[in-house]
1. Filter the stretch 7-45 for residues that are open to solvent by less than 10 Å² (accessible area, probe 1.4 Å) and modelled with pLDDT under 95 and give the result.
2. In a loop (DSSP other than H, G, I, E, B) and small (G, A, S) - does that describe any residue in the stretch 390-397?
3. Anything in the stretch 402-431 that is part of a loop (DSSP other than H, G, I, E, B), in contact with a Gly (Cβ under 7 Å, 6 or more places away or on another chain), open to solvent by 10 Å² or more (accessible area, probe 1.4 Å) and over 15 Å from W377 (Cβ atoms)? List them, or say none.
4. If D98 meets every condition in (1) within 16 Å of ligand 2 (Cβ to nearest atom); (2) of a type outside the set (F, W, Y); (3) touching a Gly at 6+ places or on another chain (Cβ under 8 Å); (4) open to solvent by 70 Å² or more (accessible area, probe 1.4 Å) apart from one, which number is that one?
5. Find the strands (runs of 3 or more DSSP E) located wholly in the stretch 199-288 whose residues include 2 or more that are basic (K, R), and list them.
6. Residue check: is R337 among the charged types (D, E, K, R), at pLDDT below 90, touching a Ser or Thr at 6+ places or on another chain (Cβ under 8 Å) and open to solvent by 10 Å² or more (accessible area, probe 1.4 Å)?
7. Can you tell me which residue within the stretch 163-174, out of those that are buried (at least 23 other Cβ atoms within 10 Å of the Cβ) and in a loop (DSSP other than H, G, I, E, B), is farthest from ligand 2 (Cβ to nearest atom)?
8. Could you please find all residues in the stretch 1-35 being over 20 Å from W61 (Cβ atoms) and assigned to a loop (DSSP other than H, G, I, E, B)?
Amino acid sequence: MLDVAVIGSGYGGAVVAARLAAHARVLLVERGGWWRPGDFPSSIGGLARSYMTTRNPGGLWAMRLGVGTGLAFASAFGGSSAINYGITAQPDDHAFDDWPLSPHDLAPWFERARRELGASADPRADELADKRVLDELEPGCRVDLENTIDWSRCDRCGRCVPGCNHGAKRSLDRTYLERAMREGVELRLRTELIDLVAVDGGYRLHLRTAGASEWVSARRVVLAAGTLGTLDLLQRSRLPLGPWFGRGLSMNGDGLAFLYDTRRQISGHSGAPISTSARLRFTDDDGRRRSLMVMSGRVPMAAMRFAAAGLAALAGVLVDRRARRDHAAGRWLRRLRDLVAVTERGALAHSFMYKLDGQDSSLGNARFTSDGAVVDWPGYTEDPIMRFARTRLHGWAERIGGLVIPDVATLPGMRSFSVHPLGGCRMGLDLADGVVDPLGRVLDPRGGVYPGLRIADGSIVRGSLGVPPSLTIAALAERIAADLQRELGQAARQTLRRAPPAPSPSR
Ligand SMILES: Cc1cc2nc3c(=O)[nH]c(=O)nc-3n(C[C@H](O)[C@H](O)[C@H](O)COP(=O)(O)OP(=O)(O)OC[C@H]3O[C@@H](n4cnc5c(N)ncnc54)[C@H](O)[C@@H]3O)c2cc1C
Ligand code: SF4
């Protein structure tokens, strides 16, 4: 019997596997494959072909569409670290205001995770025009970011999403998972956990690899299948759970906005990872302090730039009545130029694409469909964080011109997309407050906790963080892993005490 089975190899699962592998027999189960530099899609066609479906279970990424929301995530060794921007940021202290853990409790775990992830600031960030523009628009609010990127190998192609083909990104397979493998973790890739059943002394796990099924047993299970994956697994397990299960989900204030064709040359489309931001804070009408991080986004890859140019020009034609009335033919020429080729002279070079991360009100609810959990939140675009972002963006447009597309979700046929779904199994003091306790142990409505069952991924994050969440998930997992290590040590000592005394050599 295994000591620990860890399900999922994203920021939660990778940390737990790395910290426990040296102390126990640990199996790491991951549905996705190992995507290495050179394997990642580099065209729209490649992106479409790598979409995960039932007919393409080895796909790299997928989306789930709910009412008012769309969520994107990866299925890969390393979870979404395979396709993310590698931004590593710690939330403001007030993000933890209603948590059962204080920023002080979490400080050493943040430090530990930060060290292992090895993020650093872009040494060439000063060359980016968007820094100057952010300084002009939000004086004193700019904060440069740290990314899990080996800058000496980064050729600034701007294709971190959907995956670095240059070997520059320090995704989890090069940090925590490398450590887990060194420490002897048993690895099962392209293997999906279908179901788990509680039995005496542990759990039976139903695994499926390339259509073949098998059952394994483990004394402890750590669910780290990502927010939606863990919701799916718990729903399938039919284990009774508290009233917060599937409730209080956050989009982490995720949004995508454009300030199109301004008076400043920004070159926002040029290929560099997202390395700078403005961190804004405000108090909402209910007296709650909230943060909004505005990052100058990047259009992911060459082919997408053309699509973005087309979209932006279309939006300009459809929406920008003011431009239609006031602007000279030269301005339109600039816009149309992008449709042929994106250059420094085009409208896109005068545009900002904003990636927003903020503290939303965490009012999403999970709905379970035949494809798995989706999140419904019809009023997301009117959440205080989105309204604040819109006001700010319009203020910027007053100063440097440009057409505001405040949230792509407001364009016809679009919805709010998030790559940071959080919650659904939130951490709390008791059942009236959450689904897991502050050590990730799953609370049993019949009393106590389910022995040996923990969750260590984005689903336990208690509401929005206002910054990209990977570092927080890793820090929480570090804390959970340390407690598991202590528990494994205790179990080993008890086994030794129960064992019959070793025969003495003289007998
Ligand atoms: C495009 C994109 C860009 C992002 N950019 C950033 C960024 O720059 N900075 C940042 O902090 N965050 C970023 N994020 C978000 C961040 O990557 C996620 O919040 C984080 O990866 C979540 O970690 P996790 O451990 O909860 O789950 P995940 O990383 O989602 O990992 C879960 C893993 O579990 C596996 N799994 C699911 N179900 C099963 C099953 N039944 N059996 C076996 N395995 C299973 C999945 O295949 C997946 O690999 C981004 C995300 C995306 C998609
Ligand atoms: S900009 Fe290009 S080379 Fe640099 S980390 Fe991103 S994908 Fe890799």
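1. If the condition is that a residue be open to solvent by less than 10 Å² (accessible area, probe 1.4 Å) and modelled with pLDDT under 95, then no residue fits.
2. No, the stretch 390-397 contains no residue that is in a loop (DSSP other than H, G, I, E, B) and small (G, A, S).
3. R426, L431
4. (1)
5. Those strands (runs of 3 or more DSSP E) span 202-209, 212-223, 276-283.
6. Values: among the charged types (D, E, K, R): yes; at pLDDT below 90: yes; touching a Ser or Thr at 6+ places or on another chain (Cβ under 8 Å): yes; open to solvent by 10 Å² or more (accessible area, probe 1.4 Å): yes.
The answer is yes for R337.
7. S171
8. Correct list: M1, A21, A22, H23, A24, R25.
The values are calculated or read from the model by the stated rules, or taken from the named source; none is laboratory data. Keep in mind the model is a prediction, meaning the values are calculated, not measured. No Cβ is skipped: glycine too gets one built from the backbone with ideal geometry, and neighbour counts run over all protein chains shown. SASA here: full protein model, heavy atoms, side chains in, ligands and nucleic acids out. Shrake-Rupley method; radii C 1.70, N 1.55, O 1.52, S 1.80 Å.
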